[in-house]
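Notes follow the structure.
Laboratory data are not the source of any read-out in this text; all were calculated from the coordinates shown. Every value quoted in this text rests on a predicted model; they were computed, and no experiment measured them. Don't worry about glycine lacking a Cβ; one is built from the backbone with ideal geometry, like all the others, and counts go over all protein chains shown.
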Amino acid sequence: MFTGLVEAIGDVISLQSKGEQARLTLKIPFASELALGDSVAINGCCLTVADLSSSGTSFDLLAQTLRVTSLGELVAGSCVNLERAMMVGSRFGGHFVQGHVDATGKFTRLEASGQDHIVAVSLPPEIHRLCVDKGSIAIDGISLTIAELTANEATFWITPHTWENTNLHAVRIGQAVNLEADMLAKHVEKLLSARLSRS
């Protein structure tokens, strides 16, 4: 379980193809505090530490992960958002984020507005129906509040701190982004769908 509050930014060292799978190796600021088997959300996707060495921290990407997320598009030098799993007793400042990417969208707008920035992301229908104005969604693992919801995208206002301390400052229009809809919305939809199907 994660909060969507990005802990640090990491740099991609390599993404090595292994048939239908891949191995992602990163330079991580808190690598010395990790152990094999630890969970780390990378751009919002929960991955398990598979190898720790002086050359970087590695994670194995399954074929399903490559299909559902944008991680397969990473290249050496890309910057990624990092968050370790929650610790019991720590403050909960974002929203419930599982690190289970539901789908990908694309950045459609990136512009400065005074000291802030405005970012818009396209939403596929299966994600859009789970979103509401002022609701929460994880964008590349960042817990954000939807400022405006239109027919096919969501707009967000980004504070200077979030802009500078996440990968948002390095993204570009058209770039794919990982989306995780609010967990509570997914559960409500599932329960209502089951009830309606019985009526």
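Some notes on this structure:
- Compared with the dominant Cα axis of the chain, that is its longest principal axis, helix 183-198 is turned about 50°.
- Sequence-separation-based contact order of the chain, relative, with Cα cut under 8 Å and 6+ spacing, percent: 24
- ³J(HN,Hα) computed for each position of region 16-26 - Karplus, 6.51 cos²θ - 1.76 cosθ + 1.60, integer Hz, glycine/proline x: 9, 6, 10, x, 7, 10, 7, 10, 9, 10, 10
- The H on the amide N of residue 175, modeled in the peptide plane, is under 5 Å from the matching H of 107, each at least 5 residues off or on a different chain.
- Under-5 Å amide H pairs with residue 42, H placed in peptide plane, nonlocal only: 47
- Region 1-53 and region 65-140: distance between their alpha carbon centers, rounded to Å: 16
- With θ taken as phi - 60° and the Karplus curve 6.51 cos²θ - 1.76 cosθ + 1.60 applied, the whole-hertz 3J(HN,Hα) list for region 167-175 is 7, 4, 5, 10, 7, 9, 4, x, 6 Hz, x standing for glycine and proline.
- Which labelled figure in [x] 27, 21, 17; [y] 32, 20, 14; [z] 44, 22, 14 is semi-axes √(5λ) of the Cα gyration tensor in Å, once derived from the coordinates: [x]
- Derived scalar couplings between HN and Hα for region 63-79 equal 4, 4, 4, 5, 6, 8, 10, 9, 4, x, 8, 5, 10, 3, x, 4, 9 Hz in order, rounded to whole Hz, by the Karplus curve 6.51 cos²θ - 1.76 cosθ + 1.60 (θ = phi - 60°), x for Gly and Pro.
- The lysine pair count for the chain, using Cα distances under 29 Å and pairs eight or more places apart or on different chains, is 8.
- Among 99, 19, 44, residue whose mean-square fluctuation peaks in a GNM of the chain (springs only between Cα atoms under 10 Å): 19
- Using the average count of surrounding beta-carbon atoms within 10 Å as a protection proxy, the listed peptides 150-160, 100-110 rank, highest first, as 100-110, 150-160.
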